[in-house]
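Okay, so here's the structure we're looking at.
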Amino acid sequence: MLTLNFRCEKEVVPPFVHTFEIPVDIYPLKKAYSLNDTIWLETEVTGKSLFDTKTQQSIRTDSGSITFHASYFEFGTAIKNPANGFCDVISFNGVNVRRELSMTTTVAAIDKYGCGQSSYKLKVGFRPNYRGTYSLSLLKDMLLLDCPNKAIPYNATISYRYKNVDLNMDVFNSLSVSDKGQNDGNKFHTNRINNREEFVFRVE
């Protein structure tokens, strides 16, 4: 049996009231790291106010919770889906507590952070396990969720963006066309680096 559903009118999704943006710091900021290094990402937030790109001002969001995901992505290495991941993930929960593994990425995932904390400031470390060229990619347009004590949910999104620093476009440009993912991959990653959503580096 085949069932088809039709709508006579186009579904209209109401716009979000707020589109928050959280800056992210990288340290130490380098073009190349060793296997003994740890790359730290830290949200640059003090307190429970977030910057709204619609109103260009900080808005108090004291009963919300944020989700932070960062993908550690490999460019053209011969290693695929290693059992121990491309890197170890260090967070306030411990080492590799909320780590997700896939064929080409290792993801640090922190969900529902902020409830019971005095700020949205958090820090996540990435310790490389293999040599090669990689990127740390941030997510955007995540929903700002509400804590259990809030009756009305927020109608807002959160995007993460690196501070205005050198995100190593030259390291990315030094890769072969194949390692970049051909023309489509080159365009995709170039746009993300220019939008301060992706940081590229070598592990030596």
Round to the nearest 10 and give me the degree value, 0 to 90, for the angle of helix 182-194's Cα axis relative to the longest principal axis of the chain.
60 degrees
All lysines inside 29 Å of Lys187 as judged from Cα atoms, apart from same-chain residues fewer than 8 positions distant:
Lys30, Lys31, Lys54, Lys80, Lys140, Lys163
Of segment 56-71, those with amide N under 20 Å from the point 7 Å along the Cα→Cβ vector of Lys112 are 61-70
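Treating only the Cβ atoms of Lys and Arg (+1) and Asp and Glu (-1) as charged, compute the dipole magnitude of segment 18-203 about its Cα centre; round to the nearest 20 debye.
Working: 22 positive and 19 negative charges, 23 e Å.
Approximately 120 debye in magnitude.
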Take every Cα-Cα distance within segment 18-203, group them into 10 Å bins from 0 onward, and report for each bin the whole-number percent of pairs it holds.
9, 36, 34, 17, 4, 0
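Once you keep just the Cα pairs under 8 angstrom separated by 6 or more residues, what percentage relative contact order results for the chain? Before the final figure, lay out the partial values.
Values: 414 pairs, mean separation 56.6, N = 204.
For the chain, the relative contact order is 28 percent.
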So what's the back-of-envelope 222 nm ellipticity for the chain, counting only DSSP H runs of four-plus at -39500 (n - 2.57) apiece and dividing by all residues, rounded to 500?
-3000 deg cm²/dmol
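Rounded to the nearest percent, how much of the accessible area of segment 18-203 (1.4 Å probe, protein heavy atoms only) is carbon and sulfur?
Working: 4270 of 8740 Å².
C and S fraction of accessible area: 49 percent.
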Tell me, what is the per residue accessible area of segment 47-204 in Å², probe radius 1.4 Å?
48 Å²
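The values are calculated or read from the model by the stated rules, or taken from the named source; none is laboratory data. No experiment lies behind these values; they were computed from the predicted model shown. Neighbour counts run over all protein chains shown; Cβ positions are idealised from the backbone, glycine included. The area values use the complete protein model at the heavy-atom level, side chains included, leaving out ligands, DNA and RNA. Shrake-Rupley method; radii C 1.70, N 1.55, O 1.52, S 1.80 Å.
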